[in-house]
Amino acid sequence: MDLREESMQLHIKYNGKIETHGKVPLDNDHDLAVAYTPGVAAPCLAIKEEADRSFDLTCRGNMVAICTDGTRVLGLGKIGARAAMPVMEGKAALFKRFGAVDAVPVCIDETDKDKFIAIVKALQGNYAGINLEDIQSPKCYDIEDELKKELEIPVFHDDQHGTAIACVSAVMGALRLVKKDIRTAKIVLNGAGAAGTAIGRLLVDAGAENLTVMLHHGALYEGCDNNGRPLDRVQEALSKVTNKEKRQGQLADIVKGADVLLGVSAPGAFTQDMIRSMAKDPIVFAMANPVPEISYADAKAAGAKVAGTGRSDTPNQVNNVNVFPGVFRGAIDVRAREINEAMKVAAVHAIAELIPENELREDYVIPNAFDKRVAPAVAAAVAKAAMDTGVAREQKDPEEIRRSTYLRVNGVPME
């Protein structure tokens, strides 16, 4: 039985992947009176007087909405909101399993950007955070930016920022292994869509000073032609802070002498000859899914010191599961108003530095998704950065957040 058939059988058997459970006893008339009417009037009136009490008095305080319009679902494209539900439902299960965050799919059958924004804005009072998912670019940029302006809770487009944090943490781990500095390493990034531009921006925020981003028709630089096609506003901004030497050419030319090659583009985009042309101890992360730009085996055979993909069946998987549960856990725990750049960089370092120097190996520069330390470390780092940058409503000890997250996720106290 292949994975697709197995998945179909699982979804049929369980009628989906998530369900709701009550948290309070409902065993007698008194329980009913306290949980529902007439007792429930008290929290209702408390929230009427002070709206933020809804974080304490309802499930809102630990609830994230996973919002999509179904216009760019995995590698399936524009399949619609209803067809996107299995992905959003799976994401909700991951939030709970890896971050002890309650999450629900909110699949919105509306592809008009402004109407989508209005719907999410109207729903914000139910949630502690909004996770945007599987929305086509460049529309996704406008939706996130507008919602970040309008909402008082964190808004996070995981396809952009979750992928970026996972990728940059992998780069940092690999650079630690080969003893190279992100500030001087020559990095080439193939792909300038939503994920690629987010990775590029975060690499710059993390200290990369020698980054070249590849468009479909050649290298990105300020004023580049792009084969007569206009850059979107995010690509335009990225062009101003990367490839300052205005290197021109195709990927095979630009990658020569590079220390790091990253792909969020298309299957088969990298060749072994490209890898052979790179600097000593080359690092290659080919993240196109489900078929990467080059297979792990072929990258290693071509001389890559460190290789990784987005797949779980080879070492060094670049996986968003290492990111979004802990990011939201930390943001929610201090009731952050947003997830800013400092919080993203903090998450990068939390993941990248989780593996001690003496444990780094060619096939182990990224923590595994089931490493019990990941979400607690990310949550603590993100919470601290939120407090340090003034976007947290509450002040808490980051180490206590680390310990409590570990207990909530793993069911046992930290050792």
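The values are calculated or read from the model by the stated rules, or taken from the named source; none is laboratory data. Just so it is clear, the model here is predicted, and its values are computed rather than measured. Methodologically, a virtual Cβ is constructed for each residue, glycine included, from the backbone with ideal geometry; neighbour enumeration extends over all protein chains shown. Note: accessible area is taken over every heavy atom of the protein model, side chains too, but ligands, DNA and RNA are not part of it. Shrake-Rupley method; radii C 1.70, N 1.55, O 1.52, S 1.80 Å.
Stick to Cα atoms and the Kirkwood definition of Rh, then tell me Rg/Rh for the stretch 311-359.
On the way: Rg = 12.9 Å, Rh = 12.4 Å.
Rg/Rh for the stretch 311-359 comes to 1.04.
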| query | Gaussian network model of the chain, Cα springs within a sub-10 Å range: biggest mean-square fluctuation belongs to which of 205, 259, 333? | reply | 205
| task | Putting +1 on Lys and Arg Cβ atoms and -1 on Asp and Glu Cβ atoms, find which of 108, 155, 283 reaches farthest to the positive end of the dipole of the chain. | result | 283
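Rounded, prolate or oblate: which one fits the stretch 170-252, using the alpha carbon gyration tensor with axes a ≥ b ≥ c (rounded when a/c is under 1.5, else prolate when a/b beats b/c, else oblate)?
Values: a/c = 2.08, a/b = 1.82, b/c = 1.15.
In terms of gyration-tensor shape, prolate.
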| task | Measure nothing but the geometry: give the 0 to 90° angle between the long axis through the Cα atoms of 139-150 and the longest principal axis through the Cα atoms of the chain, rounded to 10°. | result | 50 degrees
| request: Under a 10 Å cutoff between Cα atoms, tell me which one of 203, 238, 57 has the largest fluctuation in the Gaussian network model of the chain. | output: 57
| remark: If each K or R counts +1 and each D or E counts -1, the residues other than residue 337 whose Cβ falls under 10 Å of its Cβ total +1
| query | Per residue, what accessible area does the stretch 359-402 have, given a 1.4 Å probe and all protein chains present, in Å²? | reply | 47 Å²
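Going by a ≥ b ≥ c, the root eigenvalues of the Cα gyration tensor, does the stretch 130-272 fall in the rounded group (a/c under 1.5), the prolate group (a/b larger than b/c) or the oblate group? The partial results should precede the final answer.
On the way: a/c = 1.84, a/b = 1.31, b/c = 1.40.
Judged from the Cα gyration tensor, the stretch 130-272 comes out oblate (a/c at least 1.5, b/c at or above a/b).
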| In terms of the Cα gyration tensor, with a ≥ b ≥ c the square roots of its eigenvalues, is the stretch 3-154 rounded because a/c is under 1.5, prolate because a/b exceeds b/c, or oblate? | oblate
| note | With -39,500 (n - 2.57) per DSSP H segment of 4 or more residues and division by the full residue count of the chain, the 222 nm estimate, nearest 500 deg cm²/dmol, is -12500 deg cm²/dmol
| note | Averaged per residue, the 1.4 Å probe accessible area of the stretch 196-244, protein heavy atoms only, in Å², is roughly 44 Å²
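Defining a contact as two alpha carbons under 8 Å apart and six or more residues distant in sequence, what relative contact order in percent does the chain show?
Relative contact order of the chain: 13 percent.
Sorted by packing (mean other beta-carbon atoms within 10 Å per residue), highest first, where do 13-24, 137-148, 277-288 land? Each step should come with its number before you reach the end.
Working: 13-24: 9.3, 137-148: 18.8, 277-288: 23.2.
By packing density, highest mean first, the sequence is 277-288, 137-148, 13-24.
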| remark: On the accessible surface of the chain, probed at 1.4 Å with all protein chains in place, carbon and sulfur together account for a percent value of 52 percent
| query | Going down the list 13/372; 91/280; 96/240; 148/180; 121/186; 78/344, which pairs span over 32 Å between their C-alpha atoms? | reply | 91/280; 96/240; 148/180; 121/186
| remark: Taking Lys and Arg as +1 and Asp and Glu as -1, residues besides residue 380 with C-beta under 11 Å from its C-beta add up to +2
